[in-house]
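J.: Dropping a structure here in structure tokens format, bear with me for questions.
Every number in this text was worked out from the coordinates using simple rules, so none of it is lab data. Predicted model only: the values in this text are computed from it and were never measured. Heads up, the Cβs are rebuilt from the backbone with ideal geometry, glycines too, and the neighbour counts pull from every protein chain shown.
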Amino acid sequence: MNSAPTVKRRILIVDDDPLLLQFLNEVIGHAGYETATASSGEQALQLIAEGEPDMALLDITMPGMTGLELARHLKTHTTVPFMFLSAIGDSESSKQAAAFGAVGYLVKPVDAERLMPAFEAGLARADDIRQLRRTEHNLNAALAAGRETSLAVGLLMGRYQTDRNTAFEVLRDHARSSRRKINEVADQLLAAEETLNALHPLFASRFKGR
């Protein structure tokens, strides 16, 4: 039985130095990654618009849009994690990279022996951050669903003068019978109540004018 083919991780490399760009492309590609290259921040944005890579490797100093400006855009408008490349290796530059949200920092000149361990460490950190975001998203969704259900149960309690357990069981049974999630039914119930409340003053004004 054939196993499913492994999907290659896609890495975007951005640097205005053509020789370094070719070197990084060859080393990272030879390590088993799919690569895309850009010689400017503007070109990188065009490639990202076609499909977000798993990680971007950004030269900090480039003409036009700098690596820092590109990183700010990635952080604000995408979910693409990024590492920085720089000829400056002082601690202040490393702190600035961390402040921008970089998952790693490579100092030029880069050799293959140092590149891949640092690169793969950055990619692993990016994966950890992505997993944390996914977990946070799922948790927030669960909490939101719980709030909707709780509000809907309270609404049913007031409308039908019943206790909390009965209201919840009725809501749950209705969700099961209609083959929907309980939070979907709760959300629909709350939306209907909101619409009725919005219509109430309109009816009141009409009856008042009679």
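J.: Could you list Arg180, Arg172 in order of exposure, starting from the residue whose Cβ has the fewest other Cβ atoms within 10 Å? Working shown, then result.
T.: Numbers: Arg180 12, Arg172 15.
Ranked by crowding around the Cβ, least crowded first: Arg180, Arg172.
J.: Can you tell me the orientation of helix 182-208 relative to the chain, as the angle in degrees between its alpha-carbon axis and the longest Cα principal axis, to the nearest 10?
T.: Its long axis makes an angle of about 60 degrees.
J.: How far, in nm, would the chain grow between Arg72 and Glu184 when pulled straight, counting 0.36 nm per residue and subtracting the alpha carbon separation?
T.: Working: separation 112, 0.36 × 112 = 40.32 nm, distance 3.66 nm.
Separation in residues times 0.36 nm, less the Cα-Cα distance, equals 36.7 nm.
J.: So, by mean Cβ neighbours within 10 angstrom, what's the order for 15-25, 152-162 with the highest one leading? Intermediate results must be reported in sequence, preceding the final value.
T.: On the way: 15-25: 16.8, 152-162: 14.7.
Ranked from most to least packed, the peptides come out as 15-25, 152-162.
J.: Moving on. For region 146-169 and region 22-86, what is the separation of their Cα centres, given in Å?
T.: Their Cα centres are 51 Å away from one another.
J.: Of the options Leu19, Pro201, Leu45, report the single residue whose Cα projects farthest towards the positive end of the charge dipole of the chain (beta-carbon charges: Lys, Arg +1; Asp, Glu -1).
T.: It is Pro201.
J.: Rank Ala49, Ala192, Ala99 by mean-square fluctuation in a GNM of the chain with C-alpha springs under 10 angstrom and give only the top-ranked residue.
T.: Residue with maximal mean-square fluctuation among Ala49, Ala192, Ala99: Ala192.
J.: Starting from the amide H of Gly104, placed 1.01 Å from N in the peptide plane, find each other amide H under 5 Å away whose residue is 5 or more places distant or on another chain.
T.: Phe84
J.: Using helices alone, what [θ] at 222 nm do you get for the chain, with -39,500 (n - 2.57) per DSSP H run of 4 or more residues, divided over all residues and rounded to the nearest 500?
T.: It lands at -22000 deg cm²/dmol.
J.: If R0 is 41 Å, what FRET efficiency do you get for Asp111 and Leu151 from their C-beta distance, rounded to 0.05? Please list the in-between numbers first.
T.: Details: r = 60 Å, r/R0 = 1.45.
In this case the efficiency is close to 0.10.
J.: Nearest 10 degrees, 0 to 90: what angle lies between the long axis of helix 18-30 and the longest principal axis of the chain (Cα atoms)?
T.: On a 0 to 90 degree scale, this one is about 70.
J.: First measure r as the distance between the Cβ atoms of Glu169 and Ala191, then evaluate 1/(1 + (r/R0)^6) with R0 = 30 Å and state the FRET efficiency to the nearest 0.05. Don't jump to the answer; show the numbers that get you there.
T.: Working: r = 22 Å, r/R0 = 0.73.
After rounding to 0.05, the efficiency reads 0.85.
J.: Ok, one more. Ranked by Cβ crowding within 10 angstrom, fewest neighbours first, how are Leu12, Leu151 ordered?
T.: Working: Leu12 22, Leu151 15.
Fewest-to-most Cβ neighbours within 10 Å comes out as Leu151, Leu12.
J.: Here's another thing I want to ask about it. Between helix 112-160 and the chain, what is the angle of the helix's C-alpha long axis to the longest principal axis, kept within 0 to 90° and rounded to the nearest 10?
T.: 10
J.: Once both labels are modelled 7 Å past Cα along the beta-carbon direction, what's the Ile129-Ser177 spacing in nm?
T.: Those two pseudo-labels are separated by 5.0 nm.
J.: Across the chain, how many lysine pairs, 8 or more apart or on two chains, come within less than 28 Å at their alpha-carbon atoms?
T.: On the way: Lys8/Lys75; Lys8/Lys108; Lys75/Lys95; Lys75/Lys108; Lys95/Lys108.
The number of close lysine pairs in the chain is 5.
J.: Once you charge only the Cβ atoms, +1 for Lys and Arg and -1 for Asp and Glu, what is the size of the charge dipole of the chain about its Cα centre, to the nearest 20 debye? Intermediate results must be reported in sequence, preceding the final value.
T.: Details: 23 positive and 27 negative charges, 321 e Å.
In total the dipole reaches around 1540 debye.
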